[in-house]
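The structure under discussion appears below in the form of structure tokens.
The values are calculated or read from the model by the stated rules, or taken from the named source; none is laboratory data. This structure is a prediction, so every number in the text was calculated from the model and none was measured. All Cβ positions, glycine included, derive from the backbone under ideal geometry; neighbour counts span all protein chains shown. Accessible surface areas use protein heavy atoms only, side chains included; no ligands, DNA or RNA. Shrake-Rupley method; radii C 1.70, N 1.55, O 1.52, S 1.80 Å.
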Amino acid sequence: MAYNASAFLLLFCVIVIPLSSGVHVYQCSPGTEETLCVVNNLAYSPGQDPLPQVNHSDTVNRIHLRCSRYYYYSNWNSRSGKDLLSVYDVVLHSNVLRSPRSATVINCHLHTLVMPHDLEVGDFFNNYVSEVKTDPTQSYNLRYLDLSHNNLYDLGNLSVLVNLQTLKLDGNELEEIKPETFARMTNLSILSLGYNSIVKIDLKVLPKSLTGLSLVRNSMTEIDFTSVSFVSMRELDLESNRLTGLDVASMMRACPSLQLLPIEYNPMPKDVAQRIVKELTRHNVTYYNEGDKASYSDSSCDSDEYSVVRACFLETKNKGSGSVLKAFVLILVGIVLFGVFGLSARWIWYEMRY
């Protein structure tokens, strides 16, 4: 009996101890809150065995995963050129992090996000996410999602996130918004689409529940408020686009609660900008971001800009004078070429005579 017990103990040590010793256990950074655990440089890849462990108490419901650049580059060669954390999936969320309600992944070279159904707050700012995987048969609890400064060009898989209230998509590769993307997001309040490459957007495909919409620094040349209604919209950011005008009357009918409309740095003719500013002022709508406007002066605008009542707009070129100048240059070039041709022909005729 003693022999069998000894043999079992030996077998346990041979099999179990090497396996357990290979587990990498991560600790929460000292000083974090009872409900928050900050973990630095966690390494995880799909199919990893054994899985890493995060040592946190049962009171923790928020996880922040941070990857410092210094650690990343110093360990590049030792990790065979693989990212520390390229995928956030259900195994990492449930088995490693123990299903936090809030997850933040910052600067971790994340490429793929497999959305967990029980996540409520997701912040995946400044990664390389090009794909968000969702299951159309699954329901999701997500209320807040930040995917700013990633590599997204298609939002199709986000359409099932019907409980979203805030969605931030600044700084991606977006060029168009498809009608089905927001069709079911009836709770969405804040939508941020700035710093993309959107040329035109159909406002009719956006949720009517919006209170804030950012389209700052895109490539839009026009925006149409006809047949749309955003009765709760208070903030609309159109700054730094290519707008040459704006139908303020139509916009105010569509957004009667509007309070803030940054519209600076668009290439508008000065008389158009003056008219728009006057109309917005009459509706008590602020048309610039406050920032440091207290000490504002006309010198705050750059050399290629002009000022209209504390706001800067881009200078527009006079197309008429440009066309006249171009025509004059072409005529002058034609005269020179004709003269050269005439002199050449005369010289050839003279040479042929002798």
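Taking the conditions (1) in a loop (DSSP other than H, G, I, E, B); (2) closer than 15 Å to Met233 by Cβ in turn, Lys204 satisfies each one other than (1). The set of residues in region 245-274 being in a loop (DSSP other than H, G, I, E, B), farther than 24 Å from Leu188 by Cβ and open to solvent by 80 Å² or more (accessible area, probe 1.4 Å) consists of Asp247 alone.
The set of residues in region 145-154 being open to solvent by 10 Å² or more (accessible area, probe 1.4 Å), part of a loop (DSSP other than H, G, I, E, B) and not hydroxyl-bearing (Ser, Thr, Tyr) consists of His149, Asn151, Asp154. Name the residues in region 275-289 that are of a type outside the set (Phe, Trp, Tyr) and either open to solvent by 50 Å² or more (accessible area, probe 1.4 Å) or part of a loop (DSSP other than H, G, I, E, B) (or both), would you? Of everything in region 275-289, those that are of a type outside the set (Phe, Trp, Tyr) and either open to solvent by 50 Å² or more (accessible area, probe 1.4 Å) or part of a loop (DSSP other than H, G, I, E, B) (or both) turn out to be Arg275, Lys278, Thr281, Arg282, His283, Asn284, Val285, Asn289. Here the condition is being touching a Ser or Thr at 6+ places or on another chain (Cβ under 6 Å) and of a type outside the set (D, E, K, R); of Ser240, Ser189, it holds for Ser189 alone. Note on region 104-144: among residues that are assigned to a strand (DSSP E or B) and in contact with a helix residue (DSSP H, G or I) (Cβ under 7 Å, 6 or more places away or on another chain), the one that is most open to solvent (accessible area, probe 1.4 Å) is Lys133.
Scanning region 155-199 for residues that are modelled with pLDDT of 95 or more, open to solvent by 80 Å² or more (accessible area, probe 1.4 Å) and of a type in the set (Lys, Arg) yields a single hit, Arg184.
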